[in-house]
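Enquirer: Please read through the structure below; I'll follow up with questions.
Computed from the coordinates by the stated procedures, all read-outs in this text should not be read as laboratory data. None of these values were measured; they are calculated from a predicted model. Quick reminder, even Gly has a Cβ in these numbers, built from the backbone with ideal geometry, and neighbours come from all protein chains shown.
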Amino acid sequence: MTHVRTILTPARGNMGPMNTEAPVGSRALSVERNVNLGIWRIQEDQFQDAETAFVAALDVQPDHLEALAQLSMLRANRLNDPAGARWALQRLAASLPLADPRQEEIANALSQLP
């Protein structure tokens, strides 16, 4: 990580997602590739393409936490799709243990949807 920080210190502008762990297997790699693509597309204001990428990731791994979180925010904040955001948030909540502190955050987000 020291080498990576040294190289990236002078970098300016948008930075794409970087995973510190390498997915094992082509299926996991495909999921991570789609999640990262979705995040890039959001930065490029290509919201429909971002949604397509997150949905593709979830088709392979329905409980992928980052894909669900990103999709819920995208639908709520950029696509004006509160029903789609609710679906993603409910699925995210179901993917986490009940005692997980993020459950409160999800419940709060759900309560703010129309």
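Enquirer: Tell me which residues, restricted to segment 60-114, are basic (Lys, Arg), touching a helix residue (DSSP H, G or I) at 6+ places or on another chain (Cβ under 7 Å) and more than 17 Å from residue 48 (Cα to Cα).
Expert: Applying the first criterion (basic (Lys, Arg)) to segment 60-114 yields 75, 78, 86, 91, 102.
Next, from what is left, pick out any that are touching a helix residue (DSSP H, G or I) at 6+ places or on another chain (Cβ under 7 Å): 75, 78, 86, 91.
86, 91 - these are the residues of segment 60-114 that are basic (Lys, Arg), touching a helix residue (DSSP H, G or I) at 6+ places or on another chain (Cβ under 7 Å) and more than 17 Å from residue 48 (Cα to Cα).
Enquirer: Can I ask one more? Quick one: is residue 35 farther than 27 Å from residue 113 by Cα and out of contact with any Cys (no Cβ under 7 Å at 6 or more places or on another chain)? Before the answer, list the steps.
Expert: Numbers: farther than 27 Å from residue 113 by Cα: no; out of contact with any Cys (no Cβ under 7 Å at 6 or more places or on another chain): yes.
For residue 35, the condition - farther than 27 Å from residue 113 by Cα and out of contact with any Cys (no Cβ under 7 Å at 6 or more places or on another chain) - is not met.
Enquirer: State whether the residues of segment 7-22 include one that is among the hydroxyl-bearing types (Ser, Thr, Tyr), surrounded by 12 or more Cβ atoms within 10 Å (Cβ to Cβ) and without any contact (Cβ under 8 Å) to a residue 60 or more places away in the chain. Full working, then the answer.
Expert: Looking only at segment 7-22, we keep the residues that are among the hydroxyl-bearing types (Ser, Thr, Tyr), and these are 9, 20.
Narrowing the set further to residues that are surrounded by 12 or more Cβ atoms within 10 Å (Cβ to Cβ) leaves none.
No, every residue in segment 7-22 fails to be among the hydroxyl-bearing types (Ser, Thr, Tyr), surrounded by 12 or more Cβ atoms within 10 Å (Cβ to Cβ) and without any contact (Cβ under 8 Å) to a residue 60 or more places away in the chain.
Enquirer: Here's something else I'd like to know. Take residue 69 and tell me if it is without any contact (Cβ under 8 Å) to a residue 24 or more places away in the chain, in contact with a Ser or Thr (Cβ under 9 Å, 6 or more places away or on another chain) and under 20 Å from residue 41 (Cβ atoms). It would help to see each step written out before you state the result.
Expert: Numbers: without any contact (Cβ under 8 Å) to a residue 24 or more places away in the chain: yes; in contact with a Ser or Thr (Cβ under 9 Å, 6 or more places away or on another chain): no; under 20 Å from residue 41 (Cβ atoms): yes.
So residue 69 does not fit the description; no.
Enquirer: Looking at 79, 110, which is the one that is closer than 23 Å to residue 14 by Cα and over 14 Å from the mean Cα position of the chain (by Cα)?
Expert: Criteria check complete, one pass: 79.
Enquirer: Residue by residue through segment 33-86, note down the ones that are surrounded by 20 or more Cβ atoms within 10 Å (Cβ to Cβ) and of a type in the set (S, T, N, Q).
Expert: If the condition is that a residue be surrounded by 20 or more Cβ atoms within 10 Å (Cβ to Cβ) and of a type in the set (S, T, N, Q), then 34, 70, 72 are the ones that fit.
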